[in-house]
Each structure stands twice: as structure tokens, then as C-alpha cells.
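The values are calculated or read from the model by the stated rules, or taken from the named source; none is laboratory data. Just so it is clear, the model here is predicted, and its values are computed rather than measured. FYI the Cβ positions are ideal-geometry reconstructions off the backbone, even for glycines, and counts take in every protein chain you see. To get the accessible areas, we keep the full protein, side chains included, count just its heavy atoms, and leave off ligands, DNA and RNA. Shrake-Rupley method; radii C 1.70, N 1.55, O 1.52, S 1.80 Å.
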Amino acid sequence: MTELGDWVRVDPDADRPLFDQLRIQIIDGIRDGRLSPGTRLPTVRELAGQIGLAVNTVARAYRELEAAGVLETRGRYGTFVARADPADAAMAAAANSFAEAARALGIAKVDALRYLDTAFD
């Protein structure tokens, strides 16, 4: 089991709600390799105690991550990082749709990428 309390930090004075700060940090931990697929996470109570949050705050973060397919709960065995990142499939599908639309409109790749750059700005 990984010690999220070693690297997760929430700021009660931040504009973003605490559960959302925790949710984003768990996603970041998965994406940067600190939490690999299949990693067992601390229980809600354990993590709440490690980082000084209310149990309901941690439970909400876990629920939202589970609903998004990022985490999976295996009954009494605990909560685990899902084996596949749901963002991979979603982003691949979106990219394919975008590329198909650009091709259908006769837009070159370099020009289509400018639309993406603008969307991110």
C-alpha cells in the first residue's frame, strides 16, 4: 500500500475544494508514475488521518475517482488504481474525431493543431 500522505498536500485556503485538490493529486500521482495500476490505496479513514482531512472529504474524492474509472473498489480488499487509464481511451477517441473532422474540411495537420493550441489558451 502506498503512503499518499507522504506527498499529497491540500491547502484549506485555496479556491479549489479540498476533495478536488485530493482528486487531482491522485490523478497526477497516477500519471507521473507514483501510483501504478493495481496499487492499493489507503482506506478512507487511513488517508483522512494521514493528511488531516475529514473522512467524508476523502470519501468524496475516492467516489468521484471511482465513477470516472480511475479507481476501483474490490469489496473488502480495498480501493485500487484502475488497470487502465480511462483518459487514454477518451482522448484517443476525441483525437480521432478531431482528425476526421479536420480531414473532412480539408484542413492540414499543422493548421488543425493551431485550433488545439488556441483551445488550450
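Within segment 77-90, the set of residues being at pLDDT 90 or above and either closer than 19 Å to Ile27 by Cβ or part of a loop (DSSP other than H, G, I, E, B) (or both) comprises Gly78, Thr79, Phe80, Val81, Ala82.
Scanning segment 54-76 for any residue that is touching a helix residue (DSSP H, G or I) at 6+ places or on another chain (Cβ under 7 Å), assigned to a loop (DSSP other than H, G, I, E, B), within 26 Å of Leu22 (Cα to Cα) and at pLDDT 95 or above turns up at least one such residue.
Residue-by-condition table, conditions (1) open to solvent by less than 30 Å² (accessible area, probe 1.4 Å); (2) closer than 18 Å to Glu3 by Cβ; (3) out of contact with any Ser or Thr (no Cβ under 8 Å at 6 or more places or on another chain):
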residue: Arg16; (1), (2), (3): no, no, yes
residue: Glu66; (1), (2), (3): no, no, no
residue: Glu72; (1), (2), (3): no, no, no
residue: Thr79; (1), (2), (3): yes, yes, no
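Of all residues in segment 91-113, those being of a type outside the set (Gly, Ala, Ser), loosely packed, with under 11 Cβ neighbours inside 10 Å and either touching a Cys at 6+ places or on another chain (Cβ under 7 Å) or in a helix (DSSP H, G or I) (or both) number 4.
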